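The values are calculated or read from the model by the stated rules, or taken from the named source; none is laboratory data. All of these numbers come straight from a predicted model, not from anything done at the bench. Please note: Cβ atoms are built from the backbone with ideal geometry, for glycine as well, and neighbour counts cover all protein chains shown. For accessibility, only protein heavy atoms count, side chains too; no ligands or nucleic acids. Shrake-Rupley method; radii C 1.70, N 1.55, O 1.52, S 1.80 Å.
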Amino acid sequence: MTQTPAEGQVVTVRELAMLGLHLWREYPDLYKIYSQPDFTWNKITQKNRNPLLSMDIGADGLKTGFTDESGYAIVGSASQNGRRVFAA
């Protein structure tokens, strides 16, 4: 199955990292959702596909994905010793 973004949709890696930082700062209660290992809605459970969560490095996360053009991608963050880092 071909995975392509919508026509004209272009987002830089920097913009994705900035989005993560914005969500963490402005919506801390909602940001916690990204660290859940799974989520059930309407009796359907979806596993969180973020591989950083199981690495015990203080990671939560934001988004994983794949497109034919860019390949696999991840946007996430981790916090240790009072310091948080966002990566894309």
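Backbone amide hydrogens, once placed in the peptide plane, bring Gly61 within less than 5 Å of Ser77, excluding anything fewer than 5 places away on its chain.
Calculated FRET efficiency, Ser35 to Val13, Cβ-Cβ distance, R0 = 25 Å: about 0.70 to the nearest 0.05. Only Lys, Arg, Asp and Glu carry charge here, each on its Cβ (+1 for the first two, -1 for the last two); on that basis the chain has a dipole of about 280 debye about its Cα centre. Which listed residue (Thr45, Thr67, Ile57) has the Cα farthest towards the positive end of the charge dipole for the chain, taking +1 on Lys and Arg C-beta and -1 on Asp and Glu C-beta about the Cα centre? Result: Ile57.
Note that segment 37-44 has calculated 3J(HN,Hα) couplings of x, 7, 8, 10, 9, 6, 6, 10 Hz, one per residue in order, obtained from phi through the Karplus relation 6.51 cos²θ - 1.76 cosθ + 1.60 (θ = phi - 60°); glycine and proline are x. Using θ = phi - 60° in the Karplus curve 6.51 cos²θ - 1.76 cosθ + 1.60, the 3J(HN,Hα) couplings for segment 50-60 round to 6, x, 5, 5, 8, 8, 6, 10, x, 7, 10 Hz; x is entered for Gly and Pro. Counting only residues at least eight positions apart within a chain, or on another chain, the aspartates and glutamates with an alpha carbon under 19 Å from that of Lys47 are Asp38, Asp56, Asp60. Computed over protein heavy atoms with a 1.4 Å probe, the carbon and sulfur contribution to the accessible area of the chain reaches 55%.
Averaged over its residues, the chain has an accessible area of 83 Å² per residue, based on protein heavy atoms and a 1.4 Å probe.
Can you work out the FRET efficiency for the pair Leu23 and Asp68, with r the C-beta to C-beta distance and R0 = 22 Å, to the nearest 0.05?
Working: r = 27 Å, r/R0 = 1.22.
Calculated value: 0.25.
I want to check the label-to-label distance for Lys43 and Arg83. Put each point 7 Å from Cα in the C-beta direction and report it in nm to one decimal. Distance between the two pseudo-spin positions: 4.9 nm.
For GluC sites (Glu not before Pro), the sites in the chain that DSSP calls loop and that have at most 13 other Cβ atoms within 10 Å are Glu7, Glu69.
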